[in-house]
1. Using a 10 Å cut-off on Cβ atoms, rank the peptides 32-39, 59-66, 16-23, 4-11 from the highest mean neighbour count down.
2. Once Lys and Arg get +1 and Asp and Glu get -1 on their Cβ, which of V70, S25, V119 lies farthest toward the positive end of the dipole of the chain?
3. What part of the accessible area of region 1-87, given as a whole %, is carbon or sulfur when the probe is 1.4 angstrom?
4. What does the accessible area per residue of the chain come to in Å², with a 1.4 Å probe and no ligands, DNA or RNA counted?
5. On average over all directions, what projected area in square nanometres does the chain have, based on the convex hull of its Cα atoms?
6. Residue by residue through region 94-105, what is 3J(HN,Hα) from phi via Karplus (6.51 cos²θ - 1.76 cosθ + 1.60, θ = phi - 60°)? Round to whole Hz and write x for glycine and proline.
7. What full-extension length gain, to one decimal in nm, is calculated for N30 and L55 as 0.36 nm per residue of separation minus the Cα-Cα distance?
8. Just need the relative contact order of region 1-86 here, percent rounded to a whole number, with Cα pairs under 8 Å and 6+ apart.
Amino acid sequence: QEQLVESGGGLVQAGGSLRLSCSASERIYNSYVMGWFRQPPGKEREYVAGIQASLGITEIADSVSGRFTVSKNDAKNTVYLEMNGLRPEDTAVYLCAAANVGTWNDPTAYDYWGQGTQVTVSS
């Protein structure tokens, strides 16, 4: 059973920054698209960003473009979500996921999910 291990969430004031990490097995990291999603309380899961590590291709959702970036560390089989200029509306559980095929922003395309990490932004 493949596992995705996330870390880096927490409580931050509006305008602050956080970096989330998601570590995967070498097989997943090199072959799958790694996506970041978030789910605010009582709302649907929302796509935030994606990266295909082997090709170095990244994508950021319009809702967070200009504030969030996604990056990778090949030596650690880890992808990151760098979040700057955080706003209270960014408060959510953030999840990383891995997809073999499918549309990057479609959560049903993802085969594996991390446990999620809470990000809370205070005003």
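The values are calculated or read from the model by the stated rules, or taken from the named source; none is laboratory data. The shown structure was predicted, so the numbers you read here are calculated from the model rather than taken from an experiment. When we count neighbours, we look across all protein chains shown, and the Cβ atoms used for this are built from the backbone with ideal geometry, even at glycine. Just the protein is used for accessible areas: all its heavy atoms, side chains included, with ligands, DNA and RNA removed. Shrake-Rupley method; radii C 1.70, N 1.55, O 1.52, S 1.80 Å.
1. 32-39, 16-23, 4-11, 59-66
2. Farthest towards the positive pole: V119.
3. Working: 1890 of 4430 Å².
That fraction is 43 percent.
4. That works out to 50 Å² per residue.
5. On the way: hull surface 27.6 nm².
Answer in nm², one decimal: 6.9.
6. 9, 10, 9, 8, 10, 10, 7, 9, x, 7, 4, 8
7. Numbers: separation 25, 0.36 × 25 = 9.00 nm, distance 0.89 nm.
Extending this stretch completely gives an extra 8.1 nm.
8. So the answer I get is 31 percent.
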